[in-house]
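**Q** Please find one structure pasted underneath; my questions will follow.
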Amino acid sequence: MSSSSLPTEPLGLAPSGTVHVSHDHHEIGFLKKYVFSTDHKMIGIQFLFTGLVTLLIGGLLAMGIRWQLAFPWTEMPVLGKLLFPETGGVATPEGYTMLFTMHGTVMVFFVIIPLLTGAFGNFLIPLQIGAPDMAFPRLNMLGYWWMWPGIILMFLAFGTEGGGPAAGWTAYPPLSTIESAAPGSLNGQTLWLLALTFSGVSSMMGAVNYVTTIVKMRAPGMTIMRMPLSIWGLLIAALLQLFALPVLTAASFMQIFDRVFDAGFFNAPDTLVNNMSPEVDLGTAAGGHPLLWQHLFWFYSHPAVYIMVLPAMGFVSDILATHARKPIFGYKPMVYSLAGIAGLGFIVWGHHMFMSGLNPKVSLVFMTATIMIALPSAVKVFNWLGTLWGARIQLTTPMLFAIGFVAMFIIGGLSGIWMASTPVDIYIHDTYIIVAHFHYVVFAGSVFAIFASIYHWFPKMFGRMMNDTLGKVHFFGTFVFTNGVFYMMHQLGLAGLMRRTADPYAYELYAHLQPLNQFISYCAFALLGWQVLFVFNLFHSMFFGKRVGRNPWRANSLEWSAPSPPGHGNFDHQLEVVRGAYEYGDPEAEEDHLPQAVRVS
Amino acid sequence: MSTLKTFLLRVAASLLFLAVPVLGVWTFVTAEANGWWFPLNVSSYGGEIDYLFDLILWMVAITFVLTEGALVWLVWRFSRPDSSRAVFSHGSHKLEMIWTAVPALLLVFIAFSQMEAWSKVKIAMPDGTRPDEPYTVEKPLAEVYASQFDWRFRYPDAEGNFEGADVVESAYDFYVPVNTKVLVRLRSRDVLHSFFIPQFRLKQDAVPGMEIPVWFKAEETGSYELICAELCGWGHYKMAGKIHVLPEDEYEAWLANARTALYSNGSED
Amino acid sequence: MSDGKHFDANKVFIGLFIFTALEVAWGYLGHGWNKPMLWGGLLFFAFLKAWLIAVYFMHLKFEGWVIYSLLLPTPFLVLVIFGYVLPDVANQGDDNNLIHPIGSRFEKDTGRVEEVMIWSKDEGGGH
Amino acid sequence: MSESIAAYDPSVDAAAHHHPVYDYDSGPPVERGKFAIWLFLATEVMFFSGLIGAYIVLRTAAAEWPDPTKVLAVDITAFNTFVLITSSWLMVKSLFAAEAGDKGGILKWLGLTILGGSLFVGIQIYEYIELVKHGALPHANIFWSTFYLTTGFHGFHVIVGVIWLICAWFAALRGKYSPKNYLGLELAGLYWHFVDLVWVLLFTIIYLF
Ligand code: HEA
Ligand code: HEA
Ligand code: CUA
Ligand SMILES: [Cu+2]
């Protein structure tokens, strides 16, 4: 069946919007094409590879964590020499705190957000709404490059005196503000804050661009209720960024003030560290409130966890419908639930602070709102299942990863209910149950969605397929090892094991947990090793993969009616969108898919 | 792709997804036997917390098995090679209503069933009106002082003052009476710490600049581990303490002993 | 572009000028008055001026619903922040667990925490 | 699933190279730039809400707060407020000039706006220097911490605004603005007014409350 039967001729339909047609195609040099490109596709691909490299770095840091937890205070292979040269490769206690701090920060701010919104946001938005590029291409390029100072500062922090930041990715003061409280709280922490600001500004540039593009540049007929759910996910995530991120930026500057000018926003006036006399040590004299940071931090970082999942949900919805050959079940509820999660996401941040000294009455309000977030999430899960019902499922690699996302997002989401319950959280707060919870949503969730999206949109990016068999092998191993790593963390947490502990076995209570931790670590090493298949597949297919036409998956959304890879300006024909993105398997139609911009007579 | 290969793929994928609920439930069932479960509870309200955990566990487990089961079945059933088209359905208003309303009820129920235990543990502090609660926010049993990286416990003098020569201080070891509502005042000298006693199901961060009241009632004598649960620097992993729950008379004896020891050491200044 | 969006900028400017003068006067005079009165008046002038700037200088009066919808979430979110943070950080009632009120200051010379804020080294600070 | 992968057909993509760029306009009738700048201003509102919010929370919680009219130089700052308001007004004038196609007018009014902004920054720097001389540094107490945080970031915004206006001035010099299209100037103006608006609130809250 030929899916390349898309019109190459303009449809000759009167567009509802204004069309501005320009003929500019000049040859562009290497630097402009691959490095300082203003083309959204190239910027997306730049984000993709940057994000994958930082993912590898974050993953390696995770292996360091796992080594220490399985075999504490023994020589860490490979990484040890690099990170702990003074001790001959054995982790130090402060080194361990730096490990997970950097792991968390890199993964959240330099992997998941750049991959989801940076890579796929850039690549997909103009293509899926039928625009030639982003609204502000140069701002877009700037957004990419603005991330680099962030990345560089973040890694420079490792090299400064005292080493990298060591206050956790949450950077709670006063540990993070008083310099003598932690070795990494010297300049490392300041660099960390600056890095965060740079990556934040980069995200803001992206977000302004995405929202403007989606609102203002849709092809004729692309009403908002015809937009693919990927676009909805990206739009809502961008709005979350816009309204939440500035508050974190403000808070970061307050922390910088505390650190650099000894201001007193987050310190109590009677803080004393290490028995040092106040004259020597007291970073600040003025008294503020330590909880203020936590409030401001989570005001951003809770919505941020939904920034890390809403686009992923959108991608998964698109992939599920395409490979199930069936319309997405309940398009409108899907849209509303995305919006619902985002809206509720703004009023639940206190659930990270139940044990923090937060006013316990306020906790009850936060708890109720948090539990209610399960509602829109439930709607999403059930609609995904509904999409599979009666479908003609094609078990392709992207489909497997997408189903894997659904299977594991359920696990991560359900454990969220325990934490949301204030009394239960008394016991499980800061134990490995939390670690299990958020890795299920961010790794088994978002990263799986990223894998699915890479396999799914790779042909559009490079005009070639990734090897499907290899992809499936990659999926099976990754799925097994992911569960091996993270499922058992629930058990650790139930036994009361604390997170952020360099050596848990010092406690009688935890001594018997070492074998389980070793099992987890073996799974983690295998998980890393298994990714070789992916890396090989990715690079091999870029050059030697099977070439494809416009629409290898016989999908409906607009990007598939552009050439693979799309040229400058994306579309070589005028677009007129006549239907939603999910018309698969219409019994009236000739083929089992009806592209959004093809009119059937 | 050949039919055999398609078939094998279907089997493999379905089994893989089936393994999730099966092994998932299995690990929870066997967790207790493996020691991967809650340590024994010895505090008065720990039972309520465990009960709420179990309540949510049941709800969540049922949801988990149903949704994952449905997923496996759907993957198996609808990946069957079939030349006809998929069911052309855009959704169902009725179903949406059902699967919004049912979880909504469940969630509201969960939310409300948590409130009582929480207010008991964290909001309603002992006010000294019952015989088993002699300690109140104004007159706590002790001040728990966290600092990098040790715990100190300060017992007031007979008048309840925390200043002066009669204050008994103990590091690492914390002595409390059994079957009494004990109220302590939690403080931190430097950074955030967290007062975590797994067997009591008790956790509360210590925040510099704040005095946070914390209460518990231990119902069994013995020694339990006290663990710092909030990242507080490089020594966070070893910031341990021991809490010794003593019979009432032994506790009184210990305290009296400690008071006299103060003077015999001549440690007043 | 902004056809039909004319307004008398000079009038607005004079308004802003007068209100600033009134506001400063209110601020100076009002420090003997009770706080709600002082603050109420100040806020009245401040918001009046902000409104003038937003509505005329920034053309909000002539913009459509799109622009409003972009701004709409902000007041809501600001209220959310205050609503949640105030009962916690700024609580001065029964639930207040602060040892020293915010703004206390550690005095290096005496080694004590002064609960009263000292403005700067030489009292008075400014000019 | 190989059967789902359509064969590569080079004849289809051969057409991909030389074609016009289709750029559609959709959504509400607002220019993209204007839409984006308002979006950006909304984020700025959140940013300043974070800063001012911290101030309000800390102040509400504080046992005592100095009478700012006694510690700060309200007279000088009141004058400064007036300077900023005036420059905002001059900005409007330059927009009116742009609308009328009066290039000289744009340059004159915009130049004065820039002068006003620079004067504001100058006065603020003078104020800071005087304060620092008196020992009022961010670590002195929470009042000064919040003072420098809020006014400092506002000052930073003014500096950014002045730079932006200078760019616009040169653009005007090069004749980039026509009565039909002076969006660039309008956007710079919107930012400038916003900075002014924030100052109106800050001045009230920090200096007079
Ligand atoms: C992508 C990221 C992501 C996502 C989507 C979520 C989703 C949720 N999270 Fe999670 N969370 C994190 C990332 C994420 N979280 C991170 C990173 C942390 C730790 C930060 C740190 O401290 O370092 C954290 C921590 C965290 C805590 C703090 C725990 C603690 O520190 O003590 C809490 C507490 O309430 C919580 C709750 C929730 C809830 C209720 C959801 C809900 O949105 C989940 C909703 C989904 C479902 C419920 C499943 C699907 C629904 C059904 C199958 C229907 C039926 C269900 C029922 C009837 C119950 N999370
Ligand atoms: C947001 C995303 C994210 C992701 C994806 C991960 C992934 C992983 N995390 Fe992470 N983790 C966090 C976020 C994340 N984590 C956060 C926020 C914290 C809290 C930090 C804190 O407490 O402050 C944390 C903490 C944390 C801890 C707790 C530490 C402690 O509290 O003491 C542990 C322990 O096991 C852990 C393990 C792992 C493991 C084994 C993985 C594995 O899944 C990693 C697997 C990754 C790979 C194997 C990389 C593969 C590479 C590629 C596929 C790319 C290759 C391609 C090219 C180069 C082109 N993490
Ligand atoms: Cu003290 Cu961790
Ligand atoms: Cu959260």
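The values are calculated or read from the model by the stated rules, or taken from the named source; none is laboratory data. In this text, all values refer to a predicted model and were calculated from it rather than measured experimentally. Ideal geometry is used to build each Cβ from the backbone, glycine not excepted, and the neighbour counts take in all protein chains shown.
**Q** It is to be established whether one or more residues within region A:401-418 are within 15 Å of ligand 1 (Cβ to nearest atom), in contact with an Asp or Glu (Cβ under 9 Å, 6 or more places away or on another chain), facing another protein chain (nearest Cβ under 10 Å) and over 28 Å from residue B:79 (Cβ atoms).
**A** There is at least one residue in region A:401-418 that is within 15 Å of ligand 1 (Cβ to nearest atom), in contact with an Asp or Glu (Cβ under 9 Å, 6 or more places away or on another chain), facing another protein chain (nearest Cβ under 10 Å) and over 28 Å from residue B:79 (Cβ atoms).
**Q** Would you confirm, using the coordinates I've provided, whether residue A:309 is touching a Ser or Thr at 6+ places or on another chain (Cβ under 8 Å), within 25 Å of residue A:448 (Cα to Cα) and within 12 Å of ligand 4 (Cβ to nearest atom)?
**A** Criteria met by residue A:309.
**Q** Looking only at region C:30-66, how many residues end up being outside any helix (DSSP H, G or I), farther than 18 Å from residue D:200 by Cβ and at the interface with chain D (Cβ under 8 Å from one of its Cβ atoms)?
**A** 2
**Q** In a helix (DSSP H, G or I) and either in contact with a helix residue (DSSP H, G or I) (Cβ under 8 Å, 6 or more places away or on another chain) or surrounded by fewer than 16 Cβ atoms within 10 Å (Cβ to Cβ) (or both): does that describe residue B:38?
**A** It is false that residue B:38 is in a helix (DSSP H, G or I) and either in contact with a helix residue (DSSP H, G or I) (Cβ under 8 Å, 6 or more places away or on another chain) or surrounded by fewer than 16 Cβ atoms within 10 Å (Cβ to Cβ) (or both).
**Q** Is there a residue being away from ligand 2 (no atom under 16 Å from the Cβ) and without any contact (Cβ under 8 Å) to a residue 12 or more places away in the chain anywhere in region A:425-441?
**A** No, region A:425-441 contains no residue that is away from ligand 2 (no atom under 16 Å from the Cβ) and without any contact (Cβ under 8 Å) to a residue 12 or more places away in the chain.
**Q** Return the residues of region B:41-84 that are in a loop (DSSP other than H, G, I, E, B), crowded, with 16+ Cβ neighbours inside 10 Å and among the small types (Gly, Ala, Ser); say none if nothing qualifies.
**A** B:44, B:79
**Q** Residue check, residue A:199 against (1) assigned to a helix (DSSP H, G or I); (2) within 11 Å of chain D (Cβ to nearest Cβ), all met but one. Which one?
**A** Condition not satisfied by residue A:199: (2).
**Q** If you don't mind, another one. Please specify each residue of region A:209-248 satisfying the condition of being at the interface with another protein chain (Cβ under 8 Å from one of its Cβ atoms), assigned to a helix (DSSP H, G or I) and within 18 Å of residue A:557 (Cα to Cα).
**A** Scanning region A:209-248 gives a single hit, A:215.
**Q** Another one. Tell me, yes or no, whether region B:77-97 has at least one residue that is within 16 Å of ligand 1 (Cβ to nearest atom) and either touching a His at 6+ places or on another chain (Cβ under 8 Å) or more than 9 Å from every other protein chain (Cβ to nearest Cβ) (or both).
**A** For region B:77-97, residues within 16 Å of ligand 1 (Cβ to nearest atom) and either touching a His at 6+ places or on another chain (Cβ under 8 Å) or more than 9 Å from every other protein chain (Cβ to nearest Cβ) (or both): present.
**Q** In addition: Starting from region B:114-127, take each residue that is within 7 Å of chain A (Cβ to nearest Cβ) and touching a residue at least 60 places away in the same chain (Cβ under 8 Å) and list its partners that are of a type outside the set (Asp, Glu) and not in a helix (DSSP H, G or I), counting only C-beta distances under 7 angstrom and pairs at least six apart or across chains.
**A** Going by the 7 Å Cβ cut-off, the qualifying pairs are B:114/A:421; B:117/B:45; B:121/B:45.
**Q** Name the pairs whose Cβ atoms lie under 8 Å apart, with the first residue in region A:532-545 and surrounded by fewer than 18 Cβ atoms within 10 Å (Cβ to Cβ), the second of a type outside the set (D, E, K, R) and not in a helix (DSSP H, G or I), and 6 or more positions between them or separate chains?
**A** Taking only residues 6 or more apart or on different chains, the pairs are A:540/A:467.
**Q** For region B:190-269, list the strands (runs of 3 or more DSSP E) that sit wholly inside it and hold at least 2 residues that are in the same structural domain as residue B:146 (by TED's automatic domain parsing), of a type in the set (Ser, Thr, Tyr) and under 19 Å from residue B:151 (Cα atoms); which are they?
**A** Counting at least 2 such residues, we get B:222-228.
Listed here are the residues, each with its yes/no results for (1) more than 20 Å from residue A:482 (Cα to Cα); (2) part of a helix (DSSP H, G or I); (3) within 16 Å of ligand 1 (Cβ to nearest atom).
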position	(1), (2), (3)
A:527	no, yes, no
A:535	no, yes, no
A:550	yes, no, no
A:559	yes, yes, no
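**Q** Still on this structure, I have one more. Of the residues A:327, A:398, only one is in a loop (DSSP other than H, G, I, E, B) and surrounded by 24 or more Cβ atoms within 10 Å (Cβ to Cβ); which?
**A** Result of the check over A:327, A:398: A:327.
**Q** Which of the residues spanning region A:493-517 are of a type outside the set (Phe, Trp, Tyr), within 16 Å of ligand 3 (Cβ to nearest atom) and either more than 7 Å from chain B (Cβ to nearest Cβ) or part of a helix (DSSP H, G or I) (or both)?
**A** Selection gives A:497, A:499, A:504, A:506, A:509.
**Q** Within region A:415-492, considering only helices (runs of 4 or more DSSP H) that don't extend past its boundaries, which have at least 2 residues that are more than 21 Å from the chain's Cα centre (by Cα)?
**A** Fully inside region A:415-492 and qualifying: A:422-428, A:448-462.
**Q** Hey, among the residues in region A:88-113 that are within 16 Å of ligand 4 (Cβ to nearest atom) and surrounded by fewer than 24 Cβ atoms within 10 Å (Cβ to Cβ), which one's farthest from residue A:75 (Cα to Cα)?
**A** A:108
**Q** Examine region C:5-20 for a residue that is surrounded by fewer than 14 Cβ atoms within 10 Å (Cβ to Cβ) and within 26 Å of residue D:49 (Cβ to Cβ), and state whether such a residue exists.
**A** Within region C:5-20 (the criterion being surrounded by fewer than 14 Cβ atoms within 10 Å (Cβ to Cβ) and within 26 Å of residue D:49 (Cβ to Cβ)), the answer is no, since none of the residues qualifies.
**Q** While we're on this one: In region D:61-77, which residue that is free of Cβ contacts under 8 Å to residues at least 60 places away in the same chain and either aromatic (Phe, Trp, Tyr) or away from chain A (no Cβ under 11 Å) (or both) is surrounded by the most Cβ atoms within 10 Å (Cβ to Cβ)?
**A** D:73
**Q** Please find, within region A:296-348, the residue that is nearest to residue A:265 (Cα to Cα) out of those that are hydroxyl-bearing (Ser, Thr, Tyr), more than 10 Å from every other protein chain (Cβ to nearest Cβ) and within 11 Å of ligand 1 (Cβ to nearest atom).
**A** Step by step, filter region A:296-348, then rank; the result is A:301.
**Q** Next up: Which one is farthest from ligand 2 (Cβ to nearest atom) among residues in region A:28-55 that are charged (D, E, K, R) and more than 14 Å from chain D (Cβ to nearest Cβ)?
**A** Filtering region A:28-55 for residues that are charged (D, E, K, R) and more than 14 Å from chain D (Cβ to nearest Cβ), the one farthest from ligand 2 (Cβ to nearest atom) comes out as A:32.
**Q** If only one of D:123, D:142 is among the β-branched types (Val, Ile, Thr), within 25 Å of residue D:44 (Cα to Cα) and surrounded by fewer than 23 Cβ atoms within 10 Å (Cβ to Cβ), which one is it?
**A** Exactly one of D:123, D:142 is among the β-branched types (Val, Ile, Thr), within 25 Å of residue D:44 (Cα to Cα) and surrounded by fewer than 23 Cβ atoms within 10 Å (Cβ to Cβ), namely D:123.
**Q** Do we find that residue A:166 is small (Gly, Ala, Ser), under 27 Å from residue A:267 (Cα atoms), away from ligand 3 (no atom under 16 Å from the Cβ) and buried (at least 24 other Cβ atoms within 10 Å of the Cβ) in this structure?
**A** no
**Q** Sticking with this one: Taking into account only those residues within region B:88-134 that are closer than 30 Å to residue A:393 by Cβ and modelled with pLDDT under 90, which is nearest to ligand 2 (Cβ to nearest atom)?
**A** Result: B:91.
**Q** Criterion first (surrounded by fewer than 24 Cβ atoms within 10 Å (Cβ to Cβ) and closer than 30 Å to residue B:207 by Cα) does residue A:376 satisfy it?
**A** For residue A:376, the condition - surrounded by fewer than 24 Cβ atoms within 10 Å (Cβ to Cβ) and closer than 30 Å to residue B:207 by Cα - is not met.
**Q** Follow-up. Are any residues in region A:357-371 within 13 Å of ligand 4 (Cβ to nearest atom) and buried (at least 20 other Cβ atoms within 10 Å of the Cβ), and if so, which ones?
**A** A:366, A:367, A:370, A:371 - these are the residues of region A:357-371 that are within 13 Å of ligand 4 (Cβ to nearest atom) and buried (at least 20 other Cβ atoms within 10 Å of the Cβ).
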